[in-house]
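To start, the structure under review is shown below, and the notes come after it.
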Amino acid sequence: MSIIVDSETKLVVSGLTGREGSFHGLRNQAYGTYLAAGVTPGKGGQDVEGVPIFDSIEEAVEERDANTSMIFVPARFAAPAIDEAIESGVHTVIAITEGIPVLDMLRTYWKAKEAGVRLIGPNCPGVLSPGKANVGIIPAQFFDPGKIGVVSKSGTLTYQIGNELKQAGEGNSSIVGIGGDPIVGSDFIDILKLFEADPETELIVMVGEIGGDAEERAAEFIAAEVTKPVVAYIAGFTAPPGKQMGHAGAIISGSSGTAQAKKEALEAKGVRVGESPTETAQIAVETLRG
Amino acid sequence: MDLLEYQGKQLFAKHGIAVPSGEVASTVEEALAAAERIGYPCAIKAQVLIGGRGKAGGIKIAQDAAQAREHADAILGMDIFGPRGEGPFRVDQVWIEGGSDIAAEYYASVILDRGEKKLLAMVSAKGGMDIEAVAEEDPAALVREHIDPTRPFTAAEARPIVDAAGLDEDVREQAAEVLARLAEVASEEDASLIEVNPLIVTADRDVVALDAKVTIDGNALFRHQELAEIADTADDPQEAMAKEKGLTYVKLDGDVGILANGAGLCMSTLDVVAQAGGRPANFLDAGGGSKAEAIVDALTVITSDEKVTAILFNIFGGITRCDEIAKGIVEASSQLDLKVPLVVRLDGTNSEEGLAILGEADLPNLQQEKTMLDAARRVVELASQPNPRAEL
């Protein structure tokens with residue numbers, strides 16, 4: 001098994017006719033993902049390397065039985081595209097686009113929630129289940145099938161750690177980039193739940209970074225609900241303190257949002273936190289091999 | 001993007017929230033002329049993007065022209081440090097506004113609650129002081145209520161929050177109206193943080209926003225032309241140059257120039273360089289899908305900082321293609337006459353093509369490393385050698 005994407009995934013890509021959309025959509029197809037369709041309003045009837053293009057996601061669902069949508073459209077049009085996907089009948093929407101206004105995402109988040117559609121991202125690298133399917137921009141060659149689930153706020157850091165695991169001879173059940181935006185469709189806890197329930201996943205690596213309190217919340221959840229070992233990495237110990245504007249952010253989260261605070265919150269719940277991506281991968285491998 | 005106090009107040013005024021009238025000034029003469037028009041007493045307030053201005057001496061009351069001149073002269077050009085030592089923030093502008101007779105000081109804010117995925121309204125009767133301390137010592141005094149982000153928030157819905165906070169009864173209706181308008185600013189202007197401390201009650205029982213801390217979502221500037229025109233105060237020459245070129249750059253005070261792709265990897269690179277004993281000179285995220293020109297721009301910005309004695313490129317390609325990065329490095333080397341060593345670590349999408357391009361170019365001051373840790377160690381070693389630029 002694996003989570004979110006697998007051999008059952010039938011992918012429809014919004015933005016497949018664009019430069020980045022076609023580059024990565026076709027890469028996903030070459031990896032083995034079933035690329036059912038592309039969507040670009042006004043270009044219905046065309047094709048990209050033989051993949052049919054439709055005017056709407058709903059048509060792609062009806063005609064090609066698509067069940068997973070990937071959003072690759074420019075930021076200012078992305079929230080409406082995600083909304084369209086939510087209403088189209090797919091069960092999963094993976095939004096790669098970066099730079100979407102946060103208030104748009106706030107409204108879109110609740111739409112997805114109410115519709116019972118799983119939303120990953122935005123501003124994320126997507127989801128890879130090695131050997132089965134890749135939806136997004138994760139370079140699949142750095143990941144082998146295996147027992148380690150990875151959930152991360154950062155794209156490039158995820159590749160870094162996955163690569164270290166591969167070099168150590170370990171692989172992954174799934175790699176999930178949840179995105180680092182203030183509002184994302186799925187947070188650490190949503191993905192930890194899926195990995196906890198996935199029989200193939202034996203250990204979870206969680207990659208966080210400064211800002212917000214998702215890591216602190218995840219620490220509480222891990223202590224209460226997760227039986228599998230979790231190893232974490234947090235980026236941003238030497239990040240410059242941002243310009244402090246008001247204090248309301250710290251009040252609601254009850255945390256300063258610093259890397260140190262996150263590390264301490266995780267360690268207090270028994271989660272080992274690596275000092276570098278390399279050390280994190282080493283701890284994961286050691287823990288897995290007991 | 002953070003707004004200065006007066007920019008925030010202008011935004012409040014646009015949405016019908018009462019603010020003291022005032023003028024902005026960047027010279028002592030302008031400040032004095034503004035004070036004469038406004039009348040005395042008036043407040044002269046440093047316009048900087050940091051809290052704790054009052055304690056730092058950045059806010060003064062002038063009773064007459066002589067005091068207005070004295071205070072404006074003292075405040076303009078002063079360096080203000082934040083409560084946690086942030087800064088210095090140089091004062092380039094002051095805001096002069098009429099003095100207010102303060103009968104009570106409250107606190108009001110509307111912010112994005114990332115955890116709950118909603119807006120959060122907060123009100124307290126204990127304004128005018130450190131609200132974090134209030135939240136800690138007397139949590140019940142800070143009333144919090146989430147707002148449904150999918151529809152407008154009305155004064156009638158704001159009223160129970162104001163009641164629970166125990167504001168003076170005669171001004172609750174006004175305060176509820178202010179809170180509803182703050183929520184309107186959040187949703188119509190794409191503000192992710194709006195904080196008013198203090199929200200005052202005047203001697204005439206009017207509710208007025210005496211301060212304004214507003215953060216606008218940078219991703220939404222495309223639909224707010226007026227806000228987009230407000231240049232964020234990037235005083236530092238490298239930061240100004242980076243902004244012009246559309247790069248995410250933060251200047252630090254070390255000597256190791258850093259370029260990475262993705263904020264997470266870039267932060268991690270700073271951490272690893274620091275662990276290797278080095279001091280990063282900057283944070284520069286070349287972003288997703290960087291093209292060759294962006295790399296030329298990035299190297300231009302990094303090398304314009306004269307403290308930089310070695311540069312680390314840490315690239316792990318996803319959407320970024322390593323061959324584009326390599327082309328950019330080669331292009332930059334021919335255009336920029338780089339005098340400092342470059343340590344390059346390329347991995348990920350099209351890394352083989354990228355490495356081939358670098359191999360072919362055979363640049364004399366470029367070294368490749370396979371791992372992030374080795375690259376960090378190497379660049380720290382190179383940075384600590386005598387500065388090649390200093391010898392010239």
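Can you pull out the residues in the stretch B:19-45 that are buried (at least 19 other Cβ atoms within 10 Å of the Cβ) and small (G, A, S)?
Correct list: B:G22, B:A25, B:A31, B:A34, B:A35, B:A43.
If A:E170 passes every condition in (1) buried (at least 24 other Cβ atoms within 10 Å of the Cβ); (2) not in a helix (DSSP H, G or I) but one, which one does it miss?
Going through the list (1) buried (at least 24 other Cβ atoms within 10 Å of the Cβ); (2) not in a helix (DSSP H, G or I), A:E170 breaks only (1).
Determine which member of the set B:L3, B:L11 is modelled with pLDDT under 95, in the same structural domain as B:D204 (by TED's automatic domain parsing) and aliphatic (A, V, I, L, M).
B:L3
Between A:L16, A:L26, A:L103, A:L11, which is within 30 Å of B:R114 (Cα to Cα) and more than 18 Å from the chain's Cα centre (by Cα)?
Result: A:L103 is the single residue among A:L16, A:L26, A:L103, A:L11 that is within 30 Å of B:R114 (Cα to Cα) and more than 18 Å from the chain's Cα centre (by Cα).
Looking at the stretch B:322-333, can you tell me whether even one residue there is farther than 20 Å from B:K370 by Cα and of a type in the set (S, T, Y)?
Yes, the conditions are met somewhere in the stretch B:322-333.
Sort out for me the helices (runs of 4 or more DSSP H) sitting completely within the stretch B:149-260 that have 2 or more residues that are under 27 Å from B:V134 (Cα atoms) and more than 18 Å from the chain's Cα centre (by Cα).
Filter on the stretch B:149-260 gives B:155-165, B:172-189.
Anything in the stretch A:189-214 that is away from chain B (no Cβ under 14 Å), under 19 Å from A:T280 (Cβ atoms) and outside any strand (DSSP E or B)? List them, or say none.
A:I191, A:L192, A:F195, A:T201, A:E202
Considering only residues that are under 25 Å from the mean Cα position of the chain (by Cα) and either assigned to a loop (DSSP other than H, G, I, E, B) or assigned by TED's automatic domain parsing to the domain that holds B:E195 (or both), which ones fall in the stretch B:57-69?
Within the stretch B:57-69, B:G57, B:G58 meet the criteria.
Consider B:I200 carefully, then state whether it is in contact with a helix residue (DSSP H, G or I) (Cβ under 8 Å, 6 or more places away or on another chain) and either farther than 18 Å from B:A13 by Cα or assigned by TED's automatic domain parsing to the domain that holds B:Y106 (or both).
no
Are there any pairs with C-beta distances below 8 angstrom linking a residue in the stretch A:263-279 that is part of a helix (DSSP H, G or I) to a residue that is buried (at least 21 other Cβ atoms within 10 Å of the Cβ) and among the hydroxyl-bearing types (S, T, Y), with the two at least 6 apart or on different chains, and if so which?
A:P277/A:Y233; A:P277/B:S268
What number of residues within the stretch A:132-144 satisfy the criterion of being more than 10 Å from chain B (Cβ to nearest Cβ) and free of Cβ contacts under 8 Å to residues at least 40 places away in the same chain?
2
What about B:D92, is it in the same structural domain as B:A35 (by TED's automatic domain parsing), in contact (Cβ under 8 Å) with a residue 60 or more places away in the chain and either under 30 Å from B:A35 (Cβ atoms) or not small (G, A, S) (or both)?
Considered against the rule, which asks whether it is in the same structural domain as B:A35 (by TED's automatic domain parsing), in contact (Cβ under 8 Å) with a residue 60 or more places away in the chain and either under 30 Å from B:A35 (Cβ atoms) or not small (G, A, S) (or both), B:D92 comes out as yes.
Among the residues of the stretch A:145-171, write down those that are under 14 Å from the mean Cα position of the chain (by Cα) and more than 10 Å from chain B (Cβ to nearest Cβ).
A:G149, A:V150, A:V151
Give the residues of the stretch A:95-111 that are under 22 Å from A:G25 (Cβ atoms) and outside any strand (DSSP E or B), sorted by residue number.
Result: A:I96, A:T97, A:E98, A:G99, A:I100, A:T108.
When you look at B:V256, is it closer than 17 Å to B:V379 by Cα, facing another protein chain (nearest Cβ under 9 Å) and not basic (K, R), yes or no?
no
Going by the conditions given, is B:D271 in the same structural domain as B:V344 (by TED's automatic domain parsing), free of Cβ contacts under 8 Å to residues at least 24 places away in the same chain and among the charged types (D, E, K, R)?
yes
If I go through the stretch B:237-253 residue by residue, how many of them are within 12 Å of chain A (Cβ to nearest Cβ) and not hydrophobic (A, V, I, L, M, F, W, C)?
Counting residues in the stretch B:237-253 that are within 12 Å of chain A (Cβ to nearest Cβ) and not hydrophobic (A, V, I, L, M, F, W, C) gives 6.
Could you pull out the residue among B:G85, B:G54 that is part of a loop (DSSP other than H, G, I, E, B), at positive phi and surrounded by fewer than 20 Cβ atoms within 10 Å (Cβ to Cβ)?
Step by step, each of B:G85, B:G54 is checked, and only B:G85 is part of a loop (DSSP other than H, G, I, E, B), at positive phi and surrounded by fewer than 20 Cβ atoms within 10 Å (Cβ to Cβ).
Can you pull out the strands (runs of 3 or more DSSP E) entirely within the stretch B:274-350 that have at least 3 residues that are in the same structural domain as B:K243 (by TED's automatic domain parsing), at pLDDT 95 or above and under 28 Å from the mean Cα position of the chain (by Cα)?
Filter on the stretch B:274-350 gives B:310-317.
Evaluate the following for B:D73: is it surrounded by fewer than 18 Cβ atoms within 10 Å (Cβ to Cβ) and either touching a Cys at 6+ places or on another chain (Cβ under 8 Å) or not polar (S, T, N, Q) (or both)?
yes
Select from the stretch B:1-48 the residues that are among the polar types (S, T, N, Q) and touching a residue at least 12 places away in the same chain (Cβ under 8 Å) and write down the one among them that is farthest from B:K243 (Cα to Cα).
Here the residue is B:S21.
Conditions (1) more than 13 Å from chain A (Cβ to nearest Cβ); (2) farther than 29 Å from A:I183 by Cβ, marked per residue:
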| residue | (1), (2) |
| --- | --- |
| B:E105 | yes, yes |
| B:A108 | no, no |
| B:R114 | no, no |
| B:K118 | no, no |
| B:M129 | no, yes |
| B:E136 | no, no |
| B:T154 | yes, no |
| B:I161 | yes, no |
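Does the stretch A:109-128 contain any residue that is of a type in the set (V, I, T) and over 25 Å from A:L203 (Cα atoms)?
Yes: the stretch A:109-128 contains one or more residues that are of a type in the set (V, I, T) and over 25 Å from A:L203 (Cα atoms).
Starting from the stretch A:102-116, keep only residues that are farther than 17 Å from A:G212 by Cα and within 8 Å of another protein chain (Cβ to nearest Cβ), then list their pairs with residues that are basic (K, R) and in a helix (DSSP H, G or I) whose Cβ atoms are within a distance under 6 Å, requiring at least 6 positions of separation or different chains.
Partner pairs satisfying both residue conditions: none exist.
The values are calculated or read from the model by the stated rules, or taken from the named source; none is laboratory data. In this text the structure is predicted, and so the values were computed from the model without any measurement. Cβ coordinates were reconstructed from backbone atoms using ideal geometry, including for glycine residues, and neighbour counts include every protein chain displayed.
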